Amino acid sequence: MAKAQLLPLRPPSETFEREIAALLQEDFPKGWIAHDVIVGEEQIDVVAVLPQGIFAIECKSYTGQIRGDVNGPWISVTDGKDLPIEPRSRNPYRQALSKAFAVGDFLQQTLELNANPGRAERPWIHAFVVFPEGADFGGLRAVQTNPRVILPRGQARVLVFHPTMLSAYIGNMKKELDRELAAALVLALGGKTDGTWMDYAAATEIHEQQCTRRLRFKIVWEDGR
(Lines give C-alpha, C1' and ligand atoms only; values in the text may rest on other atoms or scores of the structure.)
Protein backbone atom coordinates (compact mmCIF):
# COMPACT_ATOMS: atom_id res chain seq x y z
CA MET A 1 0.00 0.00 0.00
CA ALA A 2 1.37 3.41 -0.92
CA LYS A 3 2.19 5.69 1.95
CA ALA A 4 0.29 8.94 2.31
CA GLN A 5 2.39 11.90 1.29
CA LEU A 6 2.41 15.17 3.21
CA LEU A 7 2.32 18.09 0.82
CA PRO A 8 3.07 21.69 1.82
CA LEU A 9 -0.03 23.87 1.80
CA ARG A 10 0.05 27.30 0.24
CA PRO A 11 -0.83 30.09 2.68
CA PRO A 12 -4.50 31.13 2.31
CA SER A 13 -3.40 34.60 1.20
CA GLU A 14 -1.34 33.23 -1.69
CA THR A 15 -4.17 30.93 -2.75
CA PHE A 16 -6.59 33.86 -2.74
CA GLU A 17 -4.21 35.96 -4.84
CA ARG A 18 -4.12 33.18 -7.43
CA GLU A 19 -7.91 32.94 -7.38
CA ILE A 20 -8.29 36.67 -8.04
CA ALA A 21 -5.71 36.58 -10.85
CA ALA A 22 -7.51 33.59 -12.40
CA LEU A 23 -10.88 35.35 -12.10
CA LEU A 24 -9.59 38.40 -13.93
CA GLN A 25 -7.88 36.28 -16.59
CA GLU A 26 -11.18 34.53 -17.23
CA ASP A 27 -13.20 37.73 -17.34
CA PHE A 28 -10.64 39.75 -19.32
CA PRO A 29 -8.83 37.20 -21.51
CA LYS A 30 -7.09 39.87 -23.63
CA GLY A 31 -5.64 41.66 -20.61
CA TRP A 32 -2.28 41.22 -18.89
CA ILE A 33 -2.75 39.97 -15.35
CA ALA A 34 0.03 38.88 -13.01
CA HIS A 35 0.18 38.08 -9.31
CA ASP A 36 2.97 38.56 -6.77
CA VAL A 37 4.70 41.34 -8.71
CA ILE A 38 7.65 43.23 -7.22
CA VAL A 39 7.70 46.93 -8.11
CA GLY A 40 10.40 48.93 -6.40
CA GLU A 41 10.14 48.06 -2.70
CA GLU A 42 6.53 46.92 -2.92
CA GLN A 43 5.12 43.43 -3.45
CA ILE A 44 1.80 43.73 -5.28
CA ASP A 45 -0.65 40.86 -4.99
CA VAL A 46 -2.22 41.34 -8.43
CA VAL A 47 -1.42 43.80 -11.22
CA ALA A 48 -3.86 44.04 -14.13
CA VAL A 49 -3.20 46.06 -17.29
CA LEU A 50 -6.46 46.26 -19.23
CA PRO A 51 -8.03 48.59 -21.79
CA GLN A 52 -9.94 50.06 -18.82
CA GLY A 53 -6.77 51.03 -16.98
CA ILE A 54 -3.97 49.86 -14.70
CA PHE A 55 -4.96 48.20 -11.42
CA ALA A 56 -2.93 47.47 -8.28
CA ILE A 57 -4.97 45.01 -6.24
CA GLU A 58 -4.38 44.02 -2.62
CA CYS A 59 -5.91 40.61 -1.81
CA LYS A 60 -6.98 39.78 1.75
CA SER A 61 -8.31 36.30 2.51
CA TYR A 62 -10.07 37.32 5.75
CA THR A 63 -13.79 36.68 6.20
CA GLY A 64 -16.19 37.66 9.00
CA GLN A 65 -17.07 41.30 9.49
CA ILE A 66 -14.27 43.60 8.36
CA ARG A 67 -13.89 46.65 10.60
CA GLY A 68 -11.68 49.67 10.18
CA ASP A 69 -11.25 53.03 8.48
CA VAL A 70 -8.79 54.87 6.29
CA ASN A 71 -6.13 55.38 8.95
CA GLY A 72 -6.48 52.86 11.77
CA PRO A 73 -5.92 49.11 12.02
CA TRP A 74 -8.42 46.72 10.42
CA ILE A 75 -9.80 43.61 12.09
CA SER A 76 -11.93 40.65 11.08
CA VAL A 77 -14.63 39.73 13.60
CA THR A 78 -15.99 36.16 13.53
CA ASP A 79 -18.16 34.67 16.31
CA GLY A 80 -17.27 37.58 18.55
CA LYS A 81 -13.51 37.07 18.15
CA ASP A 82 -11.27 39.82 16.80
CA LEU A 83 -8.54 38.85 14.36
CA PRO A 84 -6.12 41.65 13.39
CA ILE A 85 -5.60 42.00 9.64
CA GLU A 86 -1.89 41.92 8.98
CA PRO A 87 0.27 43.83 8.78
CA ARG A 88 -1.01 45.95 11.64
CA SER A 89 1.44 48.73 10.79
CA ARG A 90 -0.26 49.47 7.45
CA ASN A 91 -3.92 48.67 6.92
CA PRO A 92 -5.24 47.33 3.56
CA TYR A 93 -6.32 50.81 2.47
CA ARG A 94 -2.81 52.18 2.99
CA GLN A 95 -1.23 49.08 1.49
CA ALA A 96 -3.23 49.40 -1.73
CA LEU A 97 -2.50 53.12 -1.94
CA SER A 98 1.25 52.64 -1.51
CA LYS A 99 1.30 49.92 -4.13
CA ALA A 100 -0.62 52.01 -6.64
CA PHE A 101 1.88 54.84 -6.11
CA ALA A 102 4.74 52.38 -6.64
CA VAL A 103 3.28 51.28 -9.99
CA GLY A 104 2.70 54.91 -10.97
CA ASP A 105 6.29 55.90 -10.12
CA PHE A 106 7.65 52.88 -12.00
CA LEU A 107 5.56 53.76 -15.04
CA GLN A 108 6.76 57.37 -14.90
CA GLN A 109 10.37 56.19 -14.92
CA THR A 110 9.60 53.89 -17.85
CA LEU A 111 8.05 56.76 -19.82
CA GLU A 112 11.03 59.02 -19.16
CA LEU A 113 13.52 56.35 -20.23
CA ASN A 114 11.57 55.57 -23.40
CA ALA A 115 10.71 59.09 -24.53
CA ASN A 116 7.10 58.69 -23.44
CA PRO A 117 5.84 55.85 -25.69
CA GLY A 118 2.27 56.28 -26.80
CA ARG A 119 2.52 60.07 -26.46
CA ALA A 120 0.10 59.92 -23.53
CA GLU A 121 0.26 61.40 -20.05
CA ARG A 122 0.77 59.15 -17.04
CA PRO A 123 -2.54 57.39 -16.41
CA TRP A 124 -4.36 57.03 -13.11
CA ILE A 125 -3.40 53.86 -11.23
CA HIS A 126 -6.46 52.27 -9.64
CA ALA A 127 -5.96 51.01 -6.07
CA PHE A 128 -8.32 48.20 -5.05
CA VAL A 129 -8.64 45.83 -2.09
CA VAL A 130 -10.55 42.57 -2.50
CA PHE A 131 -11.91 40.22 0.18
CA PRO A 132 -13.70 36.84 -0.27
CA GLU A 133 -17.42 36.82 -1.00
CA GLY A 134 -18.19 35.86 2.62
CA ALA A 135 -16.62 39.01 4.08
CA ASP A 136 -19.05 41.54 5.58
CA PHE A 137 -18.08 45.16 4.90
CA GLY A 138 -20.58 46.61 7.38
CA GLY A 139 -17.81 47.55 9.80
CA LEU A 140 -15.79 49.71 7.38
CA ARG A 141 -16.08 53.47 7.86
CA ALA A 142 -15.36 56.19 5.28
CA VAL A 143 -14.33 53.55 2.72
CA GLN A 144 -16.18 52.90 -0.55
CA THR A 145 -17.19 49.24 -0.87
CA ASN A 146 -18.66 47.48 -3.94
CA PRO A 147 -19.69 50.74 -5.66
CA ARG A 148 -22.49 50.26 -8.15
CA VAL A 149 -21.55 53.30 -10.22
CA ILE A 150 -18.21 54.19 -11.74
CA LEU A 151 -16.81 56.78 -9.36
CA PRO A 152 -14.97 59.91 -10.50
CA ARG A 153 -11.24 59.53 -10.16
CA GLY A 154 -10.06 60.91 -6.87
CA GLN A 155 -13.46 60.69 -5.18
CA ALA A 156 -12.40 57.46 -3.48
CA ARG A 157 -8.68 56.78 -3.74
CA VAL A 158 -9.04 53.11 -2.73
CA LEU A 159 -12.07 50.90 -3.38
CA VAL A 160 -12.91 47.66 -1.56
CA PHE A 161 -14.62 44.79 -3.40
CA HIS A 162 -15.91 41.26 -3.30
CA PRO A 163 -14.47 39.31 -6.28
CA THR A 164 -17.57 39.29 -8.49
CA MET A 165 -18.16 43.00 -7.94
CA LEU A 166 -14.51 43.67 -8.78
CA SER A 167 -14.96 42.18 -12.26
CA ALA A 168 -18.31 43.90 -12.69
CA TYR A 169 -16.88 47.31 -11.86
CA ILE A 170 -13.86 47.01 -14.15
CA GLY A 171 -15.96 45.59 -16.97
CA ASN A 172 -18.18 48.66 -17.02
CA MET A 173 -15.40 51.22 -17.03
CA LYS A 174 -14.61 53.23 -20.11
CA LYS A 175 -11.78 51.72 -22.20
CA GLU A 176 -9.22 54.47 -22.48
CA LEU A 177 -5.71 53.20 -21.71
CA ASP A 178 -3.21 53.88 -24.49
CA ARG A 179 -2.00 50.61 -26.03
CA GLU A 180 1.64 51.62 -26.49
CA LEU A 181 1.90 53.05 -23.00
CA ALA A 182 0.37 49.90 -21.51
CA ALA A 183 2.75 47.70 -23.50
CA ALA A 184 5.74 49.71 -22.26
CA LEU A 185 4.70 49.05 -18.65
CA VAL A 186 4.12 45.33 -19.20
CA LEU A 187 7.47 44.86 -20.94
CA ALA A 188 9.26 46.83 -18.22
CA LEU A 189 7.68 44.50 -15.64
CA GLY A 190 9.08 41.51 -17.52
CA GLY A 191 5.79 40.45 -19.10
CA LYS A 192 4.77 39.76 -22.70
CA THR A 193 2.09 41.43 -24.79
CA ASP A 194 1.60 38.50 -27.19
CA GLY A 195 -2.09 37.70 -27.56
CA THR A 196 -3.23 40.65 -25.44
CA TRP A 197 -5.11 43.78 -26.54
CA MET A 198 -1.68 45.49 -26.64
CA ASP A 199 -0.51 43.19 -29.45
CA TYR A 200 -1.30 44.89 -32.77
CA ALA A 201 -1.49 41.57 -34.59
CA ALA A 202 -4.06 40.27 -32.13
CA ALA A 203 -5.92 43.57 -31.80
CA THR A 204 -7.70 43.16 -35.12
CA GLU A 205 -9.16 39.86 -33.91
CA ILE A 206 -10.47 41.12 -30.57
CA HIS A 207 -14.23 41.10 -30.21
CA GLU A 208 -16.33 42.05 -27.22
CA GLN A 209 -16.85 39.13 -24.84
CA GLN A 210 -19.78 39.23 -22.46
CA CYS A 211 -18.83 38.08 -18.97
CA THR A 212 -21.45 36.05 -17.14
CA ARG A 213 -20.37 37.62 -13.85
CA ARG A 214 -20.64 41.15 -15.13
CA LEU A 215 -23.42 43.46 -13.95
CA ARG A 216 -24.51 46.62 -15.72
CA PHE A 217 -23.68 49.86 -13.93
CA LYS A 218 -24.43 53.44 -14.79
CA ILE A 219 -21.30 55.19 -16.05
CA VAL A 220 -20.98 58.52 -14.27
CA TRP A 221 -17.39 59.72 -14.57
CA GLU A 222 -15.79 62.05 -17.03
CA ASP A 223 -14.46 65.01 -15.04
CA GLY A 224 -12.15 64.25 -12.16
CA ARG A 225 -8.89 63.44 -13.89
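Would you kindly derive the ³J(HN,Hα) couplings of segment 25-42 from the backbone phi angles with the Karplus curve 6.51 cos²θ - 1.76 cosθ + 1.60 (θ = phi - 60°), listing them in order in whole Hz, with x for Gly and Pro? Result, rounded to whole Hz: 5, 6, 7, 10, x, 9, x, 10, 10, 9, 10, 6, 9, 9, 10, x, 9, 10.
The string of couplings for segment 173-190 from the Karplus curve (6.51, -1.76, 1.60, θ = phi - 60°) is 7, 5, 7, 9, 6, 5, 5, 5, 5, 4, 5, 4, 5, 4, 5, 5, 7, x Hz, one whole number per residue in order, with x for Gly and Pro. Peptides 123-134, 33-44 ranked from most to least packed by the mean count of surrounding Cβ atoms within 10 Å: 123-134, 33-44. For segment 9-91, state which trypsin sites (Lys or Arg not before Pro) are in a DSSP loop and have at most 14 other beta carbons lying within 10 Å of their beta carbon. Answer by residue number: Arg88, Arg90.
Proximity of backbone amide H atoms, modeled 1.01 Å from N, is registered between Ile54 and His126 at under 5 Å, excluding neighbours fewer than 5 places apart on the same chain.
Relative contact order of segment 128-184: 41 percent, from C-alpha pairs under 8 Å at least 6 residues apart in sequence.
Only Cα pairs under 8 Å and 6+ residues apart enter the sum, and on that basis the relative contact order of segment 44-95 stands at 25 percent.
The separation of segment 100-159 from segment 18-32, counted between C-alpha centres, amounts to 17 Å.
Amide H to amide H under 5 Å from Phe161: which residues, 5+ apart in sequence or cross-chain, H placed 1.01 Å off N in plane? So Phe161 has HN proximity to Val129, Val130, Phe131, Asn146.
Could you report segment 13-123's accessible area per residue, 1.4 Å probe, as an integer in Å²?
47
Atom-type composition of the exposed protein surface of segment 16-98 places 47 percent of the accessible area on carbon and sulfur (1.4 angstrom probe).
Dividing the alpha-carbon radius of gyration of segment 1-113 by the rule-of-thumb value 2.2 N^0.38 Å gives 1.29. Computed 3J(HN,Hα) for segment 83-88, one whole-Hz value per residue from the Karplus formula 6.51 cos²θ - 1.76 cosθ + 1.60 where θ = phi - 60°, is 10, x, 8, 7, x, 5, glycine and proline marked x.
Annotation: per residue accessible area for segment 148-188 equals 34 Å², rounded to a whole number [probe 1.4 Å, protein chains only].
The values are calculated or read from the model by the stated rules, or taken from the named source; none is laboratory data. Keep in mind it's a predicted model, so treat the numbers as computed, not measured. No Cβ is skipped: glycine too gets one built from the backbone with ideal geometry, and neighbour counts run over all protein chains shown. Just so you know, the surface numbers come from the protein's heavy atoms only, side chains and all, with ligands and any DNA or RNA stripped out. Shrake-Rupley method; radii C 1.70, N 1.55, O 1.52, S 1.80 Å.
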